[in-house]
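The values are calculated or read from the model by the stated rules, or taken from the named source; none is laboratory data. Remember, it's a predicted structure, so these values are computed and weren't measured experimentally. Glycine gets a Cβ as well: all are built from the backbone with ideal geometry, and neighbour counts include every protein chain shown. Accessible surface is based on the protein model in full, side chains and every heavy atom, while ligands, DNA and RNA are left aside. Shrake-Rupley method; radii C 1.70, N 1.55, O 1.52, S 1.80 Å.
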Amino acid sequence: MTILKNLGYWLGLPIVLIVVWYLATLGDVSIFVPRPLPLWEKFVSVWLGDNILSDVVPSLGRLLLALAISTVLGVALGVVIGSFRAARWFSEPMLEFLRAIPSTIMIPVLLLVIGLNDTMRTTVIVLGCLWPVLLNTITGVRSLDEVLSNTAKVYGVRGWNRVWHLVLPGASPAIMAGVRQSLAVGLILMVVSEMFASANGIGTLITNFQNRVAVPEMWSGVLLLGVVGVLLSAIFALVQKGVLKWYDGLKAAADDN
Amino acid sequence: MLAPLPVTGTQVIRVVKAMRRDRRAQWGPVVLGVAGVVAFLVTWQLYAEFGPVSDEFLPYPAQVIGQFFANFALTSFWAAIGATLWAWLLGLVISSVAGLVVGVLIGSSRFLRRATFTVLEFLRPIPSVALIPIAALAFGPQLEAELLIIVYGCFFVVLIQTLYGVADVDKIAYETTLTMRMTWLQRARHLVFPTLLPYFMTGVRLSATIALILGISAELIIGTDGLGQSVAQAQLNGAPVAMYALIVTAGALGIVINLAARAAERKVLFWHESIRAEVPA
């Protein structure tokens, strides 16, 4: 019974909305309003055919590569900056400024400096995703548990060991929060960088449809990006559950007390 | 009563060290911060001079900074900033109000909260820039197109924060208001509103940054008036100095918006623990 009820909550409103949407668009509507059935047909014919390999996969590949690069870079820089006061003072004003630049505006610059290729599109995503990871890592490193930190000092844990066994695990909840933020940013930048200039990709295809005034196809692209967004956050939730198992357990234990 | 003076040598050394540390903490951020900026500019200069990128594409920092200030005398420059800020403000206000209203509505009913979960979880991650081509076709390079992008992106941020805020109402406090026979309005005013406000302000602060990014992206691609469009134009005209100067401007604008959002949050939440704790006792 509970399962049925949950299922009702999960699917109830979506089904109602889709039915209402279907009925409301039966008559004549503006060409910009999507209709459920054509939308679904286009979604299947446009995105589940050859375009998966030629456009969807390259897009997602760039996104994942950029996410990996910005995570590694952000964590490495964040550990250094967070650990040393002088490094923090040195980098803070410049970081504050660079972070404030809306990352999409860098696309024309990177177009000039790097050229029209995959490196440029990946760099755009890295430039946007780096900040959430970097800033969260700095905060995480700075707010390490003091008792643990002092204990490590007393036991002479230092250098690489300290980073590996104390700093990284201690900062990992903050780091994961940063990576989650950069997922959303990365998806935005992936689309924009491809709309601006690309040979293939989801954003390019959507722009092509725009030039052909193929509205249902454009909406199917929006639908695809929604699916990609949901899948990405679901996968991330799984990864996070694994990485932060100890932390969730600790919190649950603390709540019980 | 005065603290006893340090007597032993070690104590004296400790005090001197602490004083030195104090002075370092006072000047360190300024000196090193300036050094950081200088280091960045020098690296840029050297890279522009000797790096693999031609001068044509990567101008020297002095040129860019000169252009940045020269822009202040141009009407078109201020018109672009005005257009960007106007779209930003409108978008932020619309999405904040809509997010707050819908959030309170959904948040105050357990049924609605559970029923809307799937729909929200699906609509939220759609990057609003995906709507740019549709907005461009439907509205053309108009303010409406840019607003659509900004509002779609920021609405969900405010909405989710508002939902968190409503859910955070303390159960015991809630039952107390029932015992005290507070009216619905009193409860909303004295219990829900203060609980909600910090979350809502966080949503607005996050949205302030997101709205700028989305607005500039829309200007860049659709070509609505504003900084983004000026950058795209500078790129097409082959004027890299102007382009870099505009990007520096966008960064400055980002900082100003950030500071303003934080100041507004501090002002509105002056009574809240998170803000009070920042004031040294």
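Of the residues that make up the range A:229-251, is at least one closer than 18 Å to A:GLU194 by Cβ, touching a residue at least 12 places away in the same chain (Cβ under 8 Å) and in contact with a Leu (Cβ under 8 Å, 6 or more places away or on another chain)? Yes, the range A:229-251 contains at least one residue that is closer than 18 Å to A:GLU194 by Cβ, touching a residue at least 12 places away in the same chain (Cβ under 8 Å) and in contact with a Leu (Cβ under 8 Å, 6 or more places away or on another chain).
Put simply, of B:VAL53, B:VAL64 the only residue that is closer than 28 Å to A:VAL113 by Cβ and not in a helix (DSSP H, G or I) is B:VAL53.
Is it the case that some residue within the range A:112-123 is small (Gly, Ala, Ser) and at positive phi? Steps first, answer last, please.
Residues of the range A:112-123 that are small (Gly, Ala, Ser), as a first pass: A:115.
Filter once more, so that each one left must be at positive phi: A:115.
Scanning the range A:112-123, I find at least one residue that is small (Gly, Ala, Ser) and at positive phi, so the answer is yes.
On the given criteria, is A:ALA234 more than 8 Å from chain B (Cβ to nearest Cβ), within 16 Å of the chain's Cα centre (by Cα) and farther than 30 Å from B:PHE139 by Cα? Taking the combined requirement at face value, the residue satisfies it.
The residues of the range B:225-275 that are farther than 20 Å from A:PHE196 by Cβ, without any contact (Cβ under 8 Å) to a residue 12 or more places away in the chain and in contact with a Leu (Cβ under 9 Å, 6 or more places away or on another chain) amount to a single one, B:ILE275.
In the set (1) among the β-branched types (Val, Ile, Thr); (2) within 18 Å of the chain's Cα centre (by Cα); (3) over 24 Å from B:THR84 (Cβ atoms); (4) within 12 Å of another protein chain (Cβ to nearest Cβ), B:VAL157 fails one condition alone, (3). Listed here are the helices (runs of 4 or more DSSP H) enclosed by the range A:1-112 that have at least 3 residues being open to solvent by 30 Å² or more (accessible area, probe 1.4 Å) and either within 11 Å of chain B (Cβ to nearest Cβ) or of a type in the set (Gly, Ala, Ser) (or both): A:2-24, A:57-83, A:85-100. Checking B:LEU220, B:LEU196, B:LEU253, B:LEU214 one by one, the residue that is in a helix (DSSP H, G or I), farther than 21 Å from A:LEU110 by Cβ, out of contact with any His (no Cβ under 7 Å at 6 or more places or on another chain) and open to solvent by less than 30 Å² (accessible area, probe 1.4 Å) is B:LEU196 and no other.
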